[in-house]
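Colleague: Below is the structure I would like to discuss, written out as structure tokens.
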Amino acid sequence: MFHFQGTCTYVLSEQCNSGLPYYRVEDILFSLDIFAGFLQVNGNFASTPFSLSNGTVQVYESGFSVFVSTDFGLVVSYDTNHYVQISLPYAYQNGTCGLCGNFNGIRRDDFQTRDGEVVSSDVVFANSWQASGDDEPGCGPQCGGLDCAVCSVEETALYSNTDHCGILSSSSGPFAACHEQLPPQSIVDSCVYDLCVGEGYQPILCQALTVYASQCQQSGIQLPSWRRPGFCEIPCPANSHFESEGTGCPPTCVNPNSTHNCPLPPQESCICDSGYILSGGVCVPHAECGCSFEGRYYRSGQTVILDENCGRRCSCSYGSMTCHSHGCGPLESCRVEDGERGWSYQTFDGLTYQYPGACRLTLAKVMGLSSHPHFMVTAEKVPRGQHGFARILHFEAEGIHVSIEMARNSKVKVSEWNTCLKLCSSFNIYLCVHGHNTV
């Protein structure tokens, strides 16, 4: 157990020095971006569950987490907030590297840097695993290890009592049944540490309790209800309700019989009410299920343009996909939206290309030590509503940040308009947005 407050992208775990199938987990869950039942994979948004690489990679939701599993035994889960867990088969012993260590059963050599040196400093160790190509300005640890939290004796005593983190280790508390299998002290220590950093913010406590409860349930230990009104309650979306021992394989429109022979243990979940079923992360009446079409799932009412030449316009209506021939007009060119092709770019030297990218990309910035004023322009795609996405440009210069949002309805929103005018005037620059996604 170690604490590291870095703000860059880091390699959590990677296959090293073995002939086994290669994998790498960076920062948060394979760089998957998650929003309301949609996940972005290599620039493309898809609704869970789905598979990749001819079924060798499965992506699905269970409880409050998204899981990625491979045919060689790697399983990564992410609760879309703060907790990532990576599981590997024993064949990978002594064949991993990264922040999660080398998996050789020896703790004292886990702080092995990218260069193979075993160090005593967790900060030196973790910094060595910064992902290649991550050069965001200002990223890096602001403090080291336990020094990041200034926790007084009084605060330690307060946050360790049974009204706070101490509830985890209480022999008469709701988590006692799990103590023998999973000693709670490391979670308690982290909980106290985080509460010191967060000045007692209750959601931090709830996160720690949720992590331990989830680990217990994954180990087959069911706990008595520990949430209560006003304390770590779970609000559920429309047409669903909270269950402390919900199914690990919730029925979906893609697989309505998923609860049969479910291999996953029961866990805390928001379960669709009777008569409803999950459709792209939303509980809908059974009759309103969408369409499974050419390896993708589309919600009812969704219309998409398919094929590289935009040759088909297809609409999903209550389980039936209807497609018609489609072509671009004389003043139009084919560009598949919503991540299929992504943004179009033209370099300062006139090279034009398309790149699906991730959620946020750097378009231009001042490099290294320069006499020129610092600026940085980034672009990102953000989900809006259940089906749409907005493109946002972020412009930073001289401590000022302006965001320009381009919605699908062609409207433009600019944060701090007066600041934007002053900034663009002083730098003598123009940001031109052509159409919906060309910069």
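A short reminder: the numbers here are calculations on the coordinates, not readings from a lab. Only a predicted model underlies this, so the values are computations on that prediction, with no experimental measurement involved. Methodologically, a virtual Cβ is constructed for each residue, glycine included, from the backbone with ideal geometry; neighbour enumeration extends over all protein chains shown.
Colleague: To the nearest 0.05, what FRET efficiency results for Asn17 and Gln181 with a Förster distance of 25 Å applied to their C-beta separation?
Modeller: 0.20
Colleague: While we're on this one: At each listed q (0.14, 0.15, 0.23, 0.24 Å⁻¹), what is the log10 of I(q)/I(0) that the Debye formula gives for the stretch 47-111 modelled as equal alpha-carbon point scatterers?
Modeller: -0.51, -0.57, -1.00, -1.03
Colleague: Could you give me the radius of gyration and the Dmax of the stretch 149-218, taking only the C-alpha atoms into account and expressing both in angstrom?
Modeller: Cα radius of gyration and Dmax of the stretch 149-218 are 11.5, 35 Å respectively.
Colleague: Spin-label point model (7 Å from Cα, Cβ direction): what's the Val124 to Asp189 distance in nm?
Modeller: Distance between the two pseudo-spin positions: 2.1 nm.
Colleague: Length gain on complete extension for the stretch His286 to Leu52, per 0.36 nm per residue less the alpha carbon to alpha carbon distance?
Modeller: Stretched fully, the His286-Leu52 segment lengthens by 81.6 nm.
Colleague: Can you tell me the FRET efficiency between Arg296 and Arg114 if r is taken as the Cβ-Cβ distance and R0 is 51 Å, rounded to the nearest 0.05?
Modeller: That gives a FRET efficiency of 0.85.
Colleague: Are there trypsin sites (Lys or Arg not before Pro) in the stretch 212-299 that DSSP marks as loop and that have at most 13 other Cβ atoms within 10 Å, and which are they?
Modeller: Filter output for the stretch 212-299: empty list.
Colleague: Glu332 to Cys206: extension gain in nm, 0.36 nm per residue of separation minus the Cα-Cα distance?
Modeller: 40.2 nm
Colleague: Now for a different question. Rounded to the nearest 0.05, what FRET efficiency do Thr322 and Leu361 give with R0 = 41 Å and r taken as the Cβ-Cβ distance? Could you check?
Modeller: Result of the calculation: an efficiency of 0.70.
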